Amino acid sequence: MKILYVGDDWVGSNARSLADGFREAGHEVVVVDTTAVTLPTRFGVPWTYSKVAGGRAPWTLRAVHDRIDRIAADFTPDLLFAFKSVHLDQERLLTVPAAIRVHYSPDDVANPENITRDYLDYEEYWDLIVTTKRHNVPELRERGARAVTFVASAYDPAWHRPMARRGAQRHAAGFIGARRPDRVELMTALANRYGPSLAVYGPGWRREPDLWRADATLRGPVYGEHFSTAVATMTANLVLLNSANRDTHTCRTFEIPAAGGLFVGERTSEHAELLAEGTECFLFSDRAELLDIIDRCDREPALAAKVAEAGYQRIVTGGHRYVDRAREIIDAVR
């Protein structure tokens, strides 16, 4: 198929990985980068406009849509694929000439953070909605979506693979992800217990004074190969879910073991189905159980390495790459 792919194209983004997955699956793909609209440069004019006016800068929006229209006229796509394009002009996007129009959402579409009024007004006109949240399937159907399919998150072998450690330092535990209010208390407790042996990577964490006082190792966000080199420094790699999205799995569910990291995640039905507890991962339901796991893995690094290797093999042989998800989506389209 000829696929006109609309989504963020920055290095390490899930949208870029899925676009490459469609190409690897044998389709001709042309990408239109929407980053200027969805993630305007901090303190730039479009970013300032979005904070003051509460919407995306109209001139940036027009520029992206003009590019979509120009490419579509020349490329004549069979499929328009929009990766979380809720901030684009839905009416204009849906008039792009293509036989099939698919919208993909990696986040909970019942969470107001992940939708817009304009998107909701036009949701029913998409030929297919793809979601990574099982609970969204009946909700989308109830909202009037024409067709809905679930696909799980994935990993990208280009970025997520075992890497050599850079430097001798190894942390007893670590987390890679954004600061969220529901994560602060846990990370503060871990920092107070493990100090510099806890590594926390991601936006927002450096602004937490309690983590500084506890001398935790704090770093900014990491993408692409830098994600995997960060994983290599951590004995226990924490997979924390986003309660606002009602997550039962996340991208980290696949990325951590694919990068060779020991999966230490929240106990959910999807996590339990994906990896065998105790031999391919460690799961926890409360803080006490998590602390026991971290301490045990710190005392028994050979055990941690054995479980991490088994988890790695399970994920990389299980059909969880973005190319596998691309094939699932095309099957649903057909």
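Looking at ARG252, ARG287, ARG299, which is the one that is basic (Lys, Arg), at pLDDT 95 or above and over 18 Å from MET187 (Cα atoms)? Talk me through it step by step, then tell me what you get.
Details: ARG252 fails: over 18 Å from MET187 (Cα atoms); ARG287 fails: over 18 Å from MET187 (Cα atoms).
Sole residue among the options that is basic (Lys, Arg), at pLDDT 95 or above and over 18 Å from MET187 (Cα atoms): ARG299.
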Residue in segment 133-142 that is of a type in the set (D, E, K, R) and at positive phi present: no
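Let's see how each residue does on (1) assigned to a helix (DSSP H, G or I); (2) touching a strand residue (DSSP E or B) at 6+ places or on another chain (Cβ under 6 Å):
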residue: LEU80; (1), (2): no, yes
residue: LEU88; (1), (2): no, no
residue: LEU93; (1), (2): yes, no
residue: ALA98; (1), (2): no, yes
residue: ALA110; (1), (2): no, no
residue: LEU120; (1), (2): yes, no
residue: ILE129; (1), (2): no, yes
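Can you work out which of the residues in segment 70-115 that are closer than 22 Å to THR149 by Cβ and of a type in the set (Val, Ile, Thr) is surrounded by the most Cβ atoms within 10 Å (Cβ to Cβ)? Working first, answer last.
We begin by selecting, within segment 70-115, every residue closer than 22 Å to THR149 by Cβ; these are 77-86, 88, 90, 93-94, 96, 98-111, 114-115.
Checking which are of a type in the set (Val, Ile, Thr) leaves us with 86, 96, 100, 102, 109, 115.
Working: VAL86: 20, VAL96: 18, ILE100: 16, VAL102: 22, VAL109: 26, ILE115: 17.
It comes out as VAL109.
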Within segment 76-128, tally of residues that are under 16 Å from PHE22 (Cα atoms) and of a type in the set (Phe, Trp, Tyr): 3
Any hit, segment 152-170, residues being surrounded by 15 or more Cβ atoms within 10 Å (Cβ to Cβ), assigned to a helix (DSSP H, G or I) and at pLDDT 95 or above: no
Among residues of segment 185-201, those that are part of a helix (DSSP H, G or I) and either within 23 Å of the chain's Cα centre (by Cα) or among the charged types (D, E, K, R) (or both), counted: 4
Residue list for segment 285-334, restricted to those being of a type outside the set (Asp, Glu), buried (at least 17 other Cβ atoms within 10 Å of the Cβ) and closer than 18 Å to LEU238 by Cβ: LEU290, ILE293, ILE294, CYS297, ALA304, VAL307, ALA308, GLY311, TYR312, ILE315
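With the requirement that a residue be outside any helix (DSSP H, G or I) and farther than 21 Å from CYS251 by Cβ, what does segment 278-330 give you?
Residues of segment 278-330 that are outside any helix (DSSP H, G or I), as a first pass: 278-286, 300, 317-321.
Once the filter is applied, which keeps residues that are outside any helix (DSSP H, G or I) and farther than 21 Å from CYS251 by Cβ, segment 278-330 yields GLY278, THR279, SER285, ASP286, GLU300.
Does any residue of segment 19-27 turn out to be among the hydrophobic types (A, V, I, L, M, F, W, C) and part of a helix (DSSP H, G or I)?
Just the residues of segment 19-27 that are among the hydrophobic types (A, V, I, L, M, F, W, C), to begin with: 19, 22, 25.
Filter again for part of a helix (DSSP H, G or I), leaving 19, 22.
Within segment 19-27, one or more residues are among the hydrophobic types (A, V, I, L, M, F, W, C) and part of a helix (DSSP H, G or I).
Any chance segment 224-246 includes a residue that's assigned by TED's automatic domain parsing to the domain that holds ILE176, within 18 Å of ASP107 (Cα to Cα) and charged (D, E, K, R)?
Going through segment 224-246, the residues assigned by TED's automatic domain parsing to the domain that holds ILE176 turn out to be 224-246.
Filter once more, keeping what is within 18 Å of ASP107 (Cα to Cα): 239-246.
Checking the rest, the ones that are also charged (D, E, K, R) come to 246.
For segment 224-246, residues assigned by TED's automatic domain parsing to the domain that holds ILE176, within 18 Å of ASP107 (Cα to Cα) and charged (D, E, K, R): present.
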Yes/no for ASP9 being buried (at least 19 other Cβ atoms within 10 Å of the Cβ), at pLDDT 95 or above and part of a loop (DSSP other than H, G, I, E, B): no
Qualifying residue in segment 36-46 (condition: modelled with pLDDT under 95, among the hydrophobic types (A, V, I, L, M, F, W, C), assigned to a loop (DSSP other than H, G, I, E, B) and surrounded by fewer than 16 Cβ atoms within 10 Å (Cβ to Cβ)): yes
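Working only within segment 171-184, note down all residues that are without any contact (Cβ under 8 Å) to a residue 40 or more places away in the chain and not in a helix (DSSP H, G or I). Quick ask: steps written out before the conclusion?
Just the residues of segment 171-184 that are without any contact (Cβ under 8 Å) to a residue 40 or more places away in the chain, to begin with: 179, 181, 184.
Across segment 171-184, the qualifying residue is only ARG179.
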Residues located in segment 106-131, provided they are without any contact (Cβ under 8 Å) to a residue 40 or more places away in the chain and either polar (S, T, N, Q) or in contact with a Pro (Cβ under 8 Å, 6 or more places away or on another chain) (or both): THR116, THR131
Any hit, segment 56-68, residues being part of a strand (DSSP E or B) and buried (at least 19 other Cβ atoms within 10 Å of the Cβ): no
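The values are calculated or read from the model by the stated rules, or taken from the named source; none is laboratory data. None of these values were measured; they are calculated from a predicted model. Cβ: placed from backbone, ideal geometry, glycine included. Neighbour counts: every protein chain shown.
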